Structures are given as C-alpha cells and as structure tokens.
Amino acid sequence: MTQASYKQFCPLAMATEVLCTRWTMVLIREFIAGSTRFNDLRRGVPKMSPTLLSQRLKELEIAGVIKRKVLQSENGIFEYHLTKAGRELGGVVEALGNWGQKWVGSASSLKNLDPSLLMWDMRRNLDPTPLPNKRTVIQFLYSDLPASQSHWWLVVEAGGGVDLCWSDPGFEIDLYVTTDLRTMTSIWMGLTSVEKEHGRMKLSGPQGIIKSMQTWLGLSPFASVRKQVP
C-alpha cells in the first residue's frame, strides 16, 4: 500500500496498513452496498479522483480484498467483487458507521452536503414495497441549489428496479418533493423525519405515496442509531 509501514507485527497495525489509506474504507462501504462497476463506485465516492480510485482498486486487489472479473477485455470493462476476506469487513464497516452516527456531531456531518451522493444513496436504499405496483416517478426539487443541481428524478419500476435521473426522464410525475438539501439529508441520516419536517417540505401527489414516504424513502443504513453526546 502507499502509506509508510508501521513496522509492527501487531495484527491491528498490519490491518490498518491495508485499510486506513485515504478513501479505502469508504470504498469498501461501496462494495458492501453492492457496487461492482467503476462508474458506480465513482458515484458513491464522487469527490475521489478516477486516478486515485484506480490506484486503490489495484491495491485492494493485491491485498486480496477484492478480485477483478473481466467482462469485455477488448473494451476494458471489468467488475470488482469482494473476496471472502473483503466480505468479512462488513462487520467493520457497520461498526464504524454506527460509531460515527452515534458519536460524531450532526453539525459536522451536515457541513458536507452533496446532492448527487444523497440521491445515489437514496436510489439504492429505496424500498419499493409501499409504492403502487406500477412505474412510479418521484421528482425532487432542492430550492436552495442552482438549477444545474436542483432537479432529480427517481424512477421506480413495477418490478422494483430503481433508476436515478439527472435530467427529465419524460414520464408522468407521481410525486413532487420540494425542500432544501439540508432538510432532506437530515431525514436520510435519521436525524429527523418527514413528519417532523412537514413545514420545510412541499409534497404534491397521491396521499398514499406521501404518507408512506418515510418508509419507502431509502434511509441511511445507520439511520436507526440514536445520537449520543460525548
């Protein structure tokens, strides 16, 4: 790995040499969340440069944490999958995420607002079960963002597939959600709820979809962990 060795035989020191370089644990989080393609990994770590992402993937492959599967060698298309060693990091990621949700102040977390990351996480965690058994389109409008970042669409297909669109997909909209990015991020993190923030949100659509929004929304996997004061 790229960082200097601790030169200790302690298993913890040896593990941190593999896992504690910049972005590595966040990248492991993306694998555990189900991302396998380079572009999907980039969406989960949008502030990580493609060059550094490629470097970390090579390092994790050498370390035996992931393995690369060639899909189209002539076009350079690969998938990356966790090995047995990588899958065992699931508990580590869960423990670190729970600790961060519990002990890191929400004010610090909410300084790092990112609409693309928020919507990507909402897309992959969304629960289609409470929604109608048909294509359901939800448009989010973040009133505090510039036009180039303010409009997002989640398209939930009848079979349960969910797509995230940066431009109008051309389908009829079932639910319009107008709010600010901080409010939506706070709800996603489990710091508040749709019901508590009704004054900061404008919801336009069928009451069934509106009333079940907290359930289908796709919250953070750490949202159920309650904050504590250090």
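The values are calculated or read from the model by the stated rules, or taken from the named source; none is laboratory data. Computed from a predicted model, the values in this text were never measured in an experiment. Cβ: placed from backbone, ideal geometry, glycine included. Neighbour counts: every protein chain shown. Calculation scope for accessible area: heavy atoms of the full protein, side chains included, ligands and nucleic acids excluded. Shrake-Rupley method; radii C 1.70, N 1.55, O 1.52, S 1.80 Å.
Here are the numbers:
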quantity: Filter result for Leu96 (outside any helix (DSSP H, G or I) and either basic (Lys, Arg) or open to solvent by 50 Å² or more (accessible area, probe 1.4 Å) (or both)); calculated: no
quantity: Enumeration of residues in segment 107-147 that are out of contact with any strand residue (DSSP E or B) (no Cβ under 8 Å at 6 or more places or on another chain) and among the charged types (D, E, K, R); calculated: Lys111, Asp114, Asp121, Asp127, Lys134, Asp144
quantity: Answer from Ser35, Ser54, Ser5 - the residue that is loosely packed, with under 13 Cβ neighbours inside 10 Å and in a loop (DSSP other than H, G, I, E, B); calculated: Ser5
quantity: In segment 107-145, residue modelled with the highest pLDDT [restricted to those that are assigned to a helix (DSSP H, G or I), among the small types (Gly, Ala, Ser) and open to solvent by 50 Å² or more (accessible area, probe 1.4 Å)]; calculated: Ala107
quantity: Candidate set from segment 8-32 (those that are without any contact (Cβ under 8 Å) to a residue 12 or more places away in the chain, assigned to a loop (DSSP other than H, G, I, E, B) and of a type in the set (A, V, I, L, M, F, W, C)); member that is surrounded by the most Cβ atoms within 10 Å (Cβ to Cβ); calculated: Cys10
quantity: Any chance Leu181 is open to solvent by less than 30 Å² (accessible area, probe 1.4 Å) and in contact with a Leu (Cβ under 6 Å, 6 or more places away or on another chain); calculated: yes
quantity: Strands (runs of 3 or more DSSP E) wholly inside segment 146-230 containing at least 1 residues that are within 19 Å of Trp120 (Cα to Cα) and without any contact (Cβ under 8 Å) to a residue 24 or more places away in the chain; calculated: 151-156, 162-165
